[in-house]
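Asker: Have a look at this one.
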Amino acid sequence: QVKLVESGGGLVQTGASLRLSCAVSGRSFAMAWFRQAPRKEREFVASINWNGSKTSYTDSVKDRFTISRDLDRHTMALEMNSLKLEDTAVYFCASSRYTTIQPTTDWYDYWGQGTQVTVSS
């Protein structure tokens, strides 16, 4: 069993930065961040493989967001820069039983409760 707890969300203005963290208990392999805006489906944001050597991003966050993980501290992070209004959503941390990464929700078996990110003008 894997337990995931997100933190770091908040209310910021456009152009600001935020760092989300995901505390992991249990054995995790590939991990990812997804987000869900009101009245929209949950969408892929970024993923990282089991040892952090490979990452993947959705096009809308490339060059602005950075995913990372600390295997010793059992944490995963999402550094978000140059935030835009359209980044407003609940952000979820996810963990997979697989070591490789995929951008689909069904690849991931465990989910956190989410943390709200709100970007205002």
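The values are calculated or read from the model by the stated rules, or taken from the named source; none is laboratory data. Because the structure is predicted, anything quoted here is derived from the model rather than measured. Backbone-built Cβ (ideal geometry, glycine too); neighbour counts: all protein chains shown. Each accessible area value is taken on the protein alone, full model and side chains, heavy atoms only, with ligands, DNA and RNA left out. Shrake-Rupley method; radii C 1.70, N 1.55, O 1.52, S 1.80 Å.
Asker: Output the residues belonging to the stretch 11-57 that are closer than 15 Å to Tyr110 by Cα, touching a helix residue (DSSP H, G or I) at 6+ places or on another chain (Cβ under 8 Å) and in a loop (DSSP other than H, G, I, E, B).
Answerer: Scanning the stretch 11-57 gives Ala30, Arg42.
Asker: From Val2, Val61, Val12, which residue is touching a strand residue (DSSP E or B) at 6+ places or on another chain (Cβ under 7 Å), open to solvent by less than 30 Å² (accessible area, probe 1.4 Å), β-branched (Val, Ile, Thr) and within 20 Å of Thr99 (Cβ to Cβ)? Working first, answer last.
Answerer: Details: Val61 fails: within 20 Å of Thr99 (Cβ to Cβ); Val12 fails: within 20 Å of Thr99 (Cβ to Cβ).
That would be Val2, the only listed residue that is touching a strand residue (DSSP E or B) at 6+ places or on another chain (Cβ under 7 Å), open to solvent by less than 30 Å² (accessible area, probe 1.4 Å), β-branched (Val, Ile, Thr) and within 20 Å of Thr99 (Cβ to Cβ).
Asker: Of all residues in the stretch 64-108, count the ones that are of a type in the set (D, E, K, R), in a loop (DSSP other than H, G, I, E, B) and loosely packed, with under 14 Cβ neighbours inside 10 Å.
Answerer: Total meeting the criteria: 3.
Asker: Output the residues belonging to the stretch 109-121 that are in a loop (DSSP other than H, G, I, E, B), in contact with a strand residue (DSSP E or B) (Cβ under 6 Å, 6 or more places away or on another chain) and at negative phi. Working first, answer last.
Answerer: If we filter the stretch 109-121 for residues that are in a loop (DSSP other than H, G, I, E, B), which is where we start, we get 109, 112-114, 121.
When the remaining residues are screened for being in contact with a strand residue (DSSP E or B) (Cβ under 6 Å, 6 or more places away or on another chain), the result is 112, 114.
Hit for the stretch 109-121 is Gly112, nothing else.
Asker: Considering only the stretch 65-90, state which residues are charged (D, E, K, R) and under 13 Å from the mean Cα position of the chain (by Cα).
Answerer: Passing the criteria: Arg69, Glu79, Asp87.
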